[in-house]
Amino acid sequence: MKLIDSMAYSSPEEMMFGFAKKPVTTKSGLVIGGGSVIPEITTHPRPGKEHDLATLSRELERANFDALQRCVSVGHPSIVIENEHVFQMTNNPEWGAEISSISCQMIADFKSKYGLNAAYRSTIADIRKPDLVNLRDSERTEKVIESFKLCAKTADIVSIESLGGKEVFDHCIIRNDITGLLFSQAVLGGRDMQWLWQQIVEIATENQCVPGGDTDCAQANTAMFMAGGFDGKDIPHTLAALTRAIGASRSLVAYECGALGPGKDCAYENPIIKAITGVPISTEGKTSACAHSDLCGNVIAAVCDLWSNEAVQYQNMFGGSSAAVFTEILGYDTAAMNSSIMLGFEKQYQACLINSDRYRDPQAFILCPDNAWSIGKAIVDNANSLYERGRAAAITCGELILADEQLMLTAIEKKSLLGYMQELNTLPDNEADFIDLCLHKYQKVKGFLPAAYGL
Amino acid sequence: MEKNHKNTSIFTRFDLTTEEEEQGARKVSSDPLLQKVGSCVIEGDDDQIEQAVTEALQNKSPLVVTNEGLIAGMTEVSRLWAEGSYFLPQVILSSDAMVVGIKLCEQKLGHPMDKKAKVITHTAEGDIHDIGQVIVNALLSANGFEVINLGFDVPVDQVVSACITHQPIMLTGTALMTTTMSAFPRIAEKLIQENIHIPFVCGGGAVTEEYVTSFDLGIWGKEASQAPGMAEDVLKGLSWLELRQKWNG
């Protein structure tokens, strides 16, 4: 498969929230990336509601209805509703299909009654855990594919958080092993996505459904969560930043296979993806504090097209159900961004978002549009192989962090980063040699099956 | 355009303001051979540790090498982690090195080392996110406990059955998803039916203190690093309720 070797944006200054070079129109008629930012609410069931289809369906039906109703109540003109499948929704493909069908009908009813513009994203759960099954050949794999086939019939957008390389990544992230992280994300994750996403795009296209995008949630977000806040001691924040850069080279594969965006909200690598591809992206930051903490709550909104909350469990709050409350929050955020566009102040508004977090943490720093663009450029300039571009992304990321004197690092963070850079710079130049090295080094990682990646 | 906002009204870099100068590792033994073993553990060097332990075993008993080299090194690693000089991966690498060293000592001894006690660990039924459990396993092993690792996506009945078979002092459960942690109270209920009243430490992702302390036996584990301390408390005789009172609330 030919890898992308050029940038959609000729400079980072071109990149702006609400505007994508390649806007997407859903079958429900919603335009994403066409000049305004749209809220994307992700609702999630309460514990115990997953036991049977009727209970789960009722739970998500209520949550999604509350979101739509709150849009009407406060005047939010458009919204994307996403359901990330819980395990049971993909393990029983008809469950996810039923919930997608109900949600899309509800959206149509709101459109008919109020003129509300909305779309539904169905995110299939990747239940193919690499150390549990053969990624390419298992009953679980069949269920994932079947779920796409059934959900694409009604959903506007389909996505997945794919798990390729996760077994090696988990082994390496707790062992400070940047070589293994590069192998797991760029090579294994990329190869799995090449296999998976060609099928997803074909299924979605047959059903006039938008093949959205993927996310390196299982890997780069694992690193981000482990890095934690300023009081975290699990892994260095600089390592989390490097995994994010590598994750961009991995998630890019979906778009090389024909995905159109919007990218998944939890893909914090999306600003890099947008710089390369021009597809619309969904991002989450301060509004996803309901699900997890991060250190880039504002800057991650700088070039978004959908603005999301990751996932909020359905429950009652003083201001209504959590689905309604977070819809209201997201919608007001996007209203402010869209107002800045209307007033011609979008550059100033974007500068506020960026400067809020630029030097808060290395992870935020590398997602500022200028740095995201530079990492993207390193990726497309090294399009010989998945490995070479992932390595280039990591090295460029590290160089950017080390080059800016205003980005302060603790001594242990800097020492760690210098160690990773040294290791990255001594790795083989070509992919074949790197794969040989890694197949030997990681052959005993529990559950690692090279054949599942075509190796 | 951009300014460095350290200690401004925009944000405070508490990692920088609270940073302390790294003190480095302390000596663990005055004996050069044991110090070499301890240093290999502290540095997580699982290549050199074989040679270091083999050399030490030529002059010292396996128990001495274990206690005064391997375990002493691991104790220093715990201290370095606690003071912020080490990140978790360094602890895991040290644990890996210690496991290599322990195996050599066991070979010399002719039988497995006595472990402090058994702890069963698992990740909830329907949940495949087991990195938290992997960390718990490593930390418990490094602290001398025998870990019975049931893996991920473990059915409720299998967890209960393992507790009946192995009679651990403690059970742990990990879950990332709210929709999988509902297995925990079902496990606790079945354990009680079997008259097994061991502490059941539950943690990970969306698992909350409120949820875990809503059922008998449940103790909320906020961090994986708490697991060895909790297991030590059980060894001291604390009941599940006393453990909950100490670590939760």
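The values are calculated or read from the model by the stated rules, or taken from the named source; none is laboratory data. Being a predicted model, the structure only gives us computed values, none of them experimental. Reconstructed Cβ throughout: ideal geometry from the backbone, glycine too, with neighbour counts over all protein chains shown. Keep in mind that these areas ignore ligands, DNA and RNA; they rest on the heavy atoms of the full protein, side chains included. Shrake-Rupley method; radii C 1.70, N 1.55, O 1.52, S 1.80 Å.
When A:Glu13 is tested against the conditions (1) within 14 Å of another protein chain (Cβ to nearest Cβ); (2) open to solvent by 50 Å² or more (accessible area, probe 1.4 Å); (3) within 28 Å of A:Phe87 (Cβ to Cβ), the lone failure is (3). Quickly run through the range B:138-186 and pick out the residues that are buried (at least 22 other Cβ atoms within 10 Å of the Cβ) and within 11 Å of chain A (Cβ to nearest Cβ). Across the range B:138-186, the qualifying residues are B:Ala138, B:Leu139, B:Phe152, B:Ala175, B:Met177, B:Thr178, B:Thr179, B:Thr180, B:Met181, B:Ala183, B:Phe184.
Evaluating B:Ser225 against the criteria (1) touching a helix residue (DSSP H, G or I) at 6+ places or on another chain (Cβ under 6 Å); (2) assigned to a helix (DSSP H, G or I); (3) open to solvent by 10 Å² or more (accessible area, probe 1.4 Å) leaves one unmet condition, (1). Considering the range B:67-147, the qualifying helices (runs of 4 or more DSSP H), each wholly inside and each with 1 or more residues that are over 13 Å from the mean Cα position of the chain (by Cα) and in the same structural domain as B:Glu43 (by TED's automatic domain parsing), run over B:72-82, B:88-109.
Only one entry of A:Ile203, A:Ile157 meets the criterion of being farther than 22 Å from A:Glu269 by Cα and modelled with pLDDT of 95 or more, and that entry is A:Ile203. Residues that are more than 14 Å from chain A (Cβ to nearest Cβ) and over 17 Å from B:Ile102 (Cβ atoms) are absent from the range B:61-84 altogether.
In this structure, does B:Asp46 turn out to be at pLDDT below 95, part of a loop (DSSP other than H, G, I, E, B), surrounded by 15 or more Cβ atoms within 10 Å (Cβ to Cβ) and within 11 Å of chain A (Cβ to nearest Cβ)? So B:Asp46 passes the test.
A single member of A:Ile4, A:Ile38 is in contact (Cβ under 8 Å) with a residue 24 or more places away in the chain and buried (at least 22 other Cβ atoms within 10 Å of the Cβ), and it is A:Ile38.
Of all the residues in the range B:152-166, those that are closer than 15 Å to B:Met181 by Cβ and in contact with a strand residue (DSSP E or B) (Cβ under 8 Å, 6 or more places away or on another chain) number 4.
Of all residues in the range B:49-70, those satisfying the criterion of being buried (at least 20 other Cβ atoms within 10 Å of the Cβ) and small (Gly, Ala, Ser) are B:Ala52, B:Ala56, B:Gly69.
Per the listing B:Gly218, B:Gly229, the residue uniquely assigned by TED's automatic domain parsing to the domain that holds B:Glu125 and under 24 Å from A:Gly232 (Cα atoms) is B:Gly229. Does the range B:203-215 include one or more residues that are in contact with a Leu (Cβ under 9 Å, 6 or more places away or on another chain), crowded, with 24+ Cβ neighbours inside 10 Å and either part of a helix (DSSP H, G or I) or modelled with pLDDT of 95 or more (or both)? Scanning the range B:203-215 turns up no residue that is in contact with a Leu (Cβ under 9 Å, 6 or more places away or on another chain), crowded, with 24+ Cβ neighbours inside 10 Å and either part of a helix (DSSP H, G or I) or modelled with pLDDT of 95 or more (or both). Based on this model, can you work out whether A:Gly229 counts as touching a Ser or Thr at 6+ places or on another chain (Cβ under 9 Å), under 17 Å from A:Gly285 (Cβ atoms), touching a residue at least 12 places away in the same chain (Cβ under 8 Å) and open to solvent by 10 Å² or more (accessible area, probe 1.4 Å)? Criteria met by A:Gly229.
For every residue, the table says whether it meets (1) over 22 Å from A:Ile272 (Cβ atoms); (2) open to solvent by less than 10 Å² (accessible area, probe 1.4 Å); (3) of a type in the set (Lys, Arg); (4) in contact with a strand residue (DSSP E or B) (Cβ under 9 Å, 6 or more places away or on another chain).
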residue: A:Ala152; (1), (2), (3), (4): yes, yes, no, yes
residue: A:Val158; (1), (2), (3), (4): yes, yes, no, yes
residue: A:Gly164; (1), (2), (3), (4): no, yes, no, no
residue: A:Glu167; (1), (2), (3), (4): yes, no, no, no
residue: A:Trp197; (1), (2), (3), (4): no, yes, no, yes
residue: A:Thr222; (1), (2), (3), (4): no, no, no, no
residue: A:Asp234; (1), (2), (3), (4): yes, no, no, no
residue: A:Leu242; (1), (2), (3), (4): no, yes, no, no
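Of the residues making up the range A:280-311, those that are open to solvent by 10 Å² or more (accessible area, probe 1.4 Å) and not small (Gly, Ala, Ser) number 7.
The set of residues in the range A:132-150 being of a type in the set (S, T, N, Q), open to solvent by 20 Å² or more (accessible area, probe 1.4 Å) and outside any loop (DSSP other than H, G, I, E, B) is empty.
Got at least one residue in the range A:73-81 being open to solvent by less than 10 Å² (accessible area, probe 1.4 Å) and either within 13 Å of chain B (Cβ to nearest Cβ) or over 19 Å from the mean Cα position of the chain (by Cα) (or both)? No, the range A:73-81 contains no residue that is open to solvent by less than 10 Å² (accessible area, probe 1.4 Å) and either within 13 Å of chain B (Cβ to nearest Cβ) or over 19 Å from the mean Cα position of the chain (by Cα) (or both).
Only one of the numbered conditions (1) closer than 20 Å to A:Gln208 by Cα; (2) open to solvent by less than 10 Å² (accessible area, probe 1.4 Å); (3) not aliphatic (A, V, I, L, M) is not met by A:Asn64, and that is (1). Restricting attention to the range B:93-124, the residues being surrounded by fewer than 20 Cβ atoms within 10 Å (Cβ to Cβ) and more than 14 Å from chain A (Cβ to nearest Cβ) number 14.
Residue pairs whose Cβ atoms lie under 8 Å apart, separated by 6 or more positions or on different chains, with the first residue in the range B:12-34 and buried (at least 17 other Cβ atoms within 10 Å of the Cβ) and the second among the hydroxyl-bearing types (Ser, Thr, Tyr) and at pLDDT below 90, are B:Val28/B:Thr75. Quick one: how many residues across the range A:244-272 are part of a loop (DSSP other than H, G, I, E, B) and open to solvent by 10 Å² or more (accessible area, probe 1.4 Å)? Matching residues across the range A:244-272 total 3. Against the list (1) under 25 Å from A:Phe230 (Cα atoms); (2) in contact (Cβ under 8 Å) with a residue 40 or more places away in the chain; (3) within 13 Å of chain B (Cβ to nearest Cβ), the condition A:Thr410 fails is (2).
Among the residues here, A:Ile375 does not qualify as open to solvent by less than 50 Å² (accessible area, probe 1.4 Å), at pLDDT below 95 and either in a helix (DSSP H, G or I) or within 30 Å of A:Thr287 (Cβ to Cβ) (or both). Reported count of residues in the range A:34-56, each being touching an Asp or Glu at 6+ places or on another chain (Cβ under 6 Å) and more than 30 Å from A:Tyr349 (Cβ to Cβ), is 3. For A:Cys151, the stated conditions do not hold, so it cannot be described as within 24 Å of the chain's Cα centre (by Cα) and within 14 Å of chain B (Cβ to nearest Cβ). Specify the residue that is farthest from B:Asp127 (Cα to Cα); the eligible residues are those in the range A:44-61 that are open to solvent by 10 Å² or more (accessible area, probe 1.4 Å), assigned to a helix (DSSP H, G or I) and touching a residue at least 12 places away in the same chain (Cβ under 8 Å). Within the range A:44-61, the match that is farthest from B:Asp127 (Cα to Cα) is A:Glu61. Can you find even one residue in the range A:325-348 that is assigned to a helix (DSSP H, G or I), in contact with a Ser or Thr (Cβ under 8 Å, 6 or more places away or on another chain) and within 14 Å of another protein chain (Cβ to nearest Cβ)? Within the range A:325-348, one or more residues are assigned to a helix (DSSP H, G or I), in contact with a Ser or Thr (Cβ under 8 Å, 6 or more places away or on another chain) and within 14 Å of another protein chain (Cβ to nearest Cβ).
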